[in-house]
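Here is the structure we will look at.
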Amino acid sequence: MAVQNITSYAYKDIFSLQTVQFEKACVVNKPKQIENYKIFWIKEGTGTYHIDFESYSFNGNVLFFLSPGQVFSVDSEKIKEAYQLSFNRDFYCIQTHDSEISCNGVLFNNVYETPLVAPSEKDVKKLSFIIDCLVEEFQLNEAAQYEMLQSYLKQFIIHSVRIKKEHSFVKEDSETKLFKDFSLLVEQNFKQLHSVTDYANRLGVSPKSLTKHFQKIGSQTPSDFIKNRIITEAKRQLLYSNENVKHIAFELGFNDPAYFSRFFTKATGKSPKKFQQEKELFFA
């Protein structure tokens, strides 16, 4: 978001809320790698954001959900009212929360690929009430503030999950459990395991059954899912690290840097070296 006219509230360095109330067009080309979990609620405004090298345009009321490591930049925005919630794993622990509302649930880590959803007028009233409660709690600075802030964040996430499921046609758990288990395994192991067979074995199914399940729910193939996760991380490393292509290839589990270069070039149309050399274009 643009940096002008932002009011910030923070609890230590683990949870924060920023409110934006202005109407001024801006363009920010420099991408930023997200360090914490973030929720952007553009309550009123227009613009185009880039998230992990994909473009998302919006006009009006929309929620964005970003996870640590993702690359975010603003192509253009004209915001009248917006909010940003930012928290880390210490504040909202992914291990102890219900699966749907965890950081590996419906909203974050690209489990359902599209990182945005549009709330209805009824949803806006509920979310606005929670934002008001958060602002009030930040200003009170009373006892048990941590627990109260965490409770309001959880309520915001629960409502967001319900919005996502209602408006984005999220399938039922029985249909997506294998997909979610697979995507979580990929997130944890994509730097070491590159084949569908590796993941199918860990899930106790055959590669053929796994592929058929992905076809049933209308997803990309397991092979493409793995490939796209590796390519996204490769782009992040080429963009943000100062390591050479050979080192990045080894970091991503490729024993042969030449094979990694062919793999990357086939997927993106550019060699890793060419992509890395164009870094200055991203940071212009």
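The values are calculated or read from the model by the stated rules, or taken from the named source; none is laboratory data. The structure presented is a predicted model; accordingly, all values stated were derived computationally and were not measured. Heads up, the Cβs are rebuilt from the backbone with ideal geometry, glycines too, and the neighbour counts pull from every protein chain shown.
Things to note:
- Scanning region 227-280 for residues that are aromatic (Phe, Trp, Tyr) and closer than 19 Å to Gln192 by Cβ yields Phe250, Phe254, Tyr259, Phe260, Phe263, Phe264.
- Of all residues in region 198-210, those that are in the same structural domain as Ser223 (by TED's automatic domain parsing) and surrounded by 13 or more Cβ atoms within 10 Å (Cβ to Cβ) have Cβ atoms under 9 Å from Cβ atoms of residues that are not basic (Lys, Arg) and not in a helix (DSSP H, G or I), 6 or more apart or on another chain, in Asp198/Gln192; Tyr199/Leu193; Ala200/Ser206; Arg202/Leu193; Pro207/Ser195.
- Of all residues in region 234-251, those satisfying the criterion of being small (Gly, Ala, Ser) and either farther than 19 Å from Asp52 by Cα or assigned to a helix (DSSP H, G or I) (or both) are Ala234, Ala249.
- Residues (crowded, with 16+ Cβ neighbours inside 10 Å, in a strand (DSSP E or B) and modelled with pLDDT of 90 or more) located in region 48-63: Tyr49, Phe58, Val62, Leu63
- Output for region 216-252, where each listed residue is closer than 17 Å to Gln33 by Cβ and among the aromatic types (Phe, Trp, Tyr): Tyr240
- Condition met for Pro119 (modelled with pLDDT of 75 or more and either in contact with a Phe, Trp or Tyr (Cβ under 7 Å, 6 or more places away or on another chain) or of a type in the set (Ser, Thr, Tyr) (or both)): no
- Taken over region 1-42, residues that are at pLDDT 85 or above and polar (S, T, N, Q) amount to 6.
- Of residues in region 127-147 being hydrophobic (A, V, I, L, M, F, W, C) and in a loop (DSSP other than H, G, I, E, B), the one modelled with the highest pLDDT: Ala144
- Positions within region 182-196 being loosely packed, with under 13 Cβ neighbours inside 10 Å and more than 10 Å from Ile226 (Cβ to Cβ), in sequence order: Gln188, Gln192
- Of all residues in region 79-108, those that are modelled with pLDDT under 50 and of a type in the set (Val, Ile, Thr) total 1.
- Members of region 230-250 found to be crowded, with 17+ Cβ neighbours inside 10 Å and of a type outside the set (A, V, I, L, M, F, W, C), listed by number: Thr232, Glu233, Lys235, Arg236, Gln237
- For region 211-222, filtering for residues that are buried (at least 16 other Cβ atoms within 10 Å of the Cβ) and either touching an Asp or Glu at 6+ places or on another chain (Cβ under 8 Å) or in a helix (DSSP H, G or I) (or both) leaves 4.
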